[in-house]
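Asker: Pasting a structure below so you can have a look.
Each reported figure results from applying straightforward, stated rules to the coordinates on display, with no laboratory input. The shown structure was predicted, so the numbers you read here are calculated from the model rather than taken from an experiment. Here Cβ is always computed from backbone atoms with ideal geometry, including for glycine, and neighbour counts include all displayed protein chains.
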Amino acid sequence: MTDSSGHLVEHFFRHESAHLIAVLTRAFGIRRIDLIEDMVQVAMLEAMNAWKQGGVPDNPTAWIHRATKNRILDALRREKTLAQAISLAGPSLDVQEDTVDHWLSEEQLPDSLLRMMFVCCHPTLNRETQIALTLKTLCGFGHAEIAGGLLLPLETIKKRIARAKRSLCESNVAVELPSPDEIAQRRGVVHDVLYLMFNEGHNTSHGSQPIRDDICEEAARLCHLLSESEHGSRATKALLALMLFQAARLESRTDEQGNVILLEDQDRSKWDRRLITIAQHELAGSKIDSPTTYHWEAAIAMQHCIAPSVEATDWSTIVRFYNRLLEIHRSPIYELNRAIARAQAGQINEALKELQTLQQSGAMQTYLLLDCAIARVHKLGNHTSQAIDAYLIALSKAKADHEKQLVETKLRKLQQA
């Protein structure tokens, strides 16, 4: 197989598998999801083998859809009796086949994907399980990839997803959108899952890959799908804006060796200005009387993206935005970031007091970025020896190689100054 066809199969496994699983599960029920996923995987392997011999067909999407649909229909026909299969699948397999073809059309696919999104984020499942199931079902990730992305053992992920499917089947959850009076509450759950999913890719704190672009991309893709539908909200648009502002900086966040580059050291010429413009448009269209945490986080991200340098950033505005964020939700991460913004705005003593309070609370005792923040504020205040001490403490807490490399680089720069 050529490189191009190999990449094409991989792309289809990521996206066409999501389309197929959403449509076929909608058609044949959640109880059939394991069979459906197996048939999708078989169809992908068939594509790989067939395209290796005969080349990529003119319409590979239709090829994949047809192969998978035929597989699932053949499996249904092999039920103990045709009547049993028909009772499970619908009025008749022929009618159901026409329905599947209709739902696989370009115009109907988004509706099926949205239905499946709300199923994966069903409130009976915990957040970690919702994220894992979304990555598996709607993003085409394998168990090993999910385990790597979420920093969990492979067997834990397998069991978690299996339990989720079993729970949805036992509850007889329909692949339907929530009722109008439930949509707002359930949409909030979807927002939380997409937000956490993006953060898993954007800020992995352990493991060999500090940033997972693919997880970020899938979270943004699903958020965009929800935002463009009638079931999205102004908060959805704000969340999408936040993801796009962050995604615009992804290329500059690691060096050629995969080491993390912090904001103050990033090459801003690598930032994607097109994405930043789109994000600004989304944020402008998300305005509401009572902004959510997504609105304020996106507004802060925009301030960073439009600033020509760290020094020219409007840090006072960022401090005000963090104040508003903390009025909505008390978070030690928000408090840490506000302290850094205060230091950058010249309020060194106030920033150190905030960070010392966080240190004494014990809530972030093992969080090495707190020590890095303390070091950074001391450096801004020209307290070089205190900054070195704080980085040494951070280094003692570092576990992953990329964490050690980051802290050691900061230490060397201070010691050589």
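Asker: Taking a quarter of the surface of the Cα convex hull of region 324-372, what do you get in nm²? Kindly include the intermediate steps, with their values, before the conclusion.
Answerer: Values: hull surface 13.3 nm².
Over all viewing directions, region 324-372 projects a mean Cα-hull area of 3.3 nm².
Asker: Which residue, Pro308, His15, Pro291, has the largest displacement toward the positive end of the dipole of the chain when charges sit on each Cβ (Lys, Arg +1; Asp, Glu -1)?
Answerer: Pro291
Asker: Out of Ala220, Ala248, His231, whose Cα points farthest toward the positive end of the dipole of region 153-277 (charges: +1 Lys, Arg; -1 Asp, Glu; placed on Cβ)?
Answerer: The residue sitting most towards the positive pole is His231.
Asker: With loop defined by DSSP as not H, G, I, E or B, and exposure as at most 10 other Cβ atoms within 10 Å, which is the longest segment of the chain clear of exposed GluC sites (Glu not before Pro)? Intermediate results must be reported in sequence, preceding the final value.
Answerer: Numbers: sites that count: Glu106, Glu107, Glu176, Glu230, Glu256, Glu311.
Longest gap between qualifying sites, sites excluded: 312-417.
Asker: Using a 10 angstrom Cβ neighbour count of at most 13 plus a DSSP loop assignment to flag exposed trypsin sites (Lys or Arg not before Pro), which longest range of the chain is free of such sites?
Answerer: Free of exposed loop sites, the longest segment is 81-286.
Asker: Right, something else. Output ³J(HN,Hα) for region 215-220: one whole-Hz value per residue in order, computed from phi by the Karplus curve 6.51 cos²θ - 1.76 cosθ + 1.60 with θ = phi - 60°, and x for Gly and Pro.
Answerer: Running phi through 6.51 cos²θ - 1.76 cosθ + 1.60 with θ = phi - 60° gives 5, 4, 4, 5, 4, 5 Hz.
Asker: Continuing with the same structure: Using alpha-carbon pairs under 8 Å, 6+ residues apart, how would you state the relative contact order of the chain in percent?
Answerer: 11
Asker: Which Cα, out of Ile146, Pro110, Ala174, lies furthest along the positive dipole direction of region 108-213 (beta carbon charges, K/R +1, D/E -1)?
Answerer: Looking along the dipole axis, the top candidate is Ile146.
Asker: Something else about it: So if I place +1 on the C-beta of Lys and Arg and -1 on the C-beta of Asp and Glu, and nothing else carries charge, what would the dipole magnitude of region 230-329 be about its Cα centre? I want it in debye, nearest 20. Intermediate results must be reported in sequence, preceding the final value.
Answerer: Numbers: 11 positive and 14 negative charges, 70 e Å.
About 340 debye.
Asker: So, with +1 on the Cβ of K and R and -1 on the Cβ of D and E, and no other charges, what is the size of the charge dipole of region 338-417 about its Cα centre, to the nearest 20 debye? Intermediate values should be presented prior to the final figure.
Answerer: Numbers: 11 positive and 7 negative charges, 28 e Å.
With only Lys, Arg, Asp and Glu charged at Cβ, the dipole is about 140 debye.
Asker: Summing -39500 (n - 2.57) over the DSSP H runs of n ≥ 4 in the chain and dividing by its residue number, what mean residue ellipticity at 222 nm do you reach, to the nearest 500 deg cm²/dmol?
Answerer: Details: 20 runs with 296 residues, N = 417.
When only DSSP H runs of four or more count, the value is -23000 deg cm²/dmol.
Asker: First select every other residue whose beta carbon is under 14 angstrom from the beta carbon of Ala184; then total the charges, Lys and Arg +1, Asp and Glu -1.
Answerer: Net charge around Ala184: -1.
Asker: Can you list residues whose amide H is under 5 Å from Thr254's amide H, if they're 5+ apart or on another chain and H is modeled 1.01 Å from N?
Answerer: Ile261
Asker: While we're looking at this one, here's another question. Report the relative contact order of region 321-416, percent, no decimals, based on alpha-carbon pairs under 8 angstrom and at least 6 residues apart.
Answerer: Details: 95 pairs, mean separation 19.1, N = 96.
So the answer I get is 20 percent.
Asker: Can you give the charge dipole size of the chain about its Cα centre, rounded to the nearest 20 debye, using +1 on the beta carbon of Lys and Arg and -1 on the beta carbon of Asp and Glu? Walk me through the numbers before you get to the answer.
Answerer: Values: 47 positive and 53 negative charges, 199 e Å.
Dipole size: approximately 960 debye.
Asker: Another question, if that's okay. By how many degrees, between 0 and 90 and to the nearest 10, does the Cα long axis of helix 273-284 differ from the longest principal axis of the chain?
Answerer: Helix 273-284 and the main axis of the chain meet at about 80 degrees.
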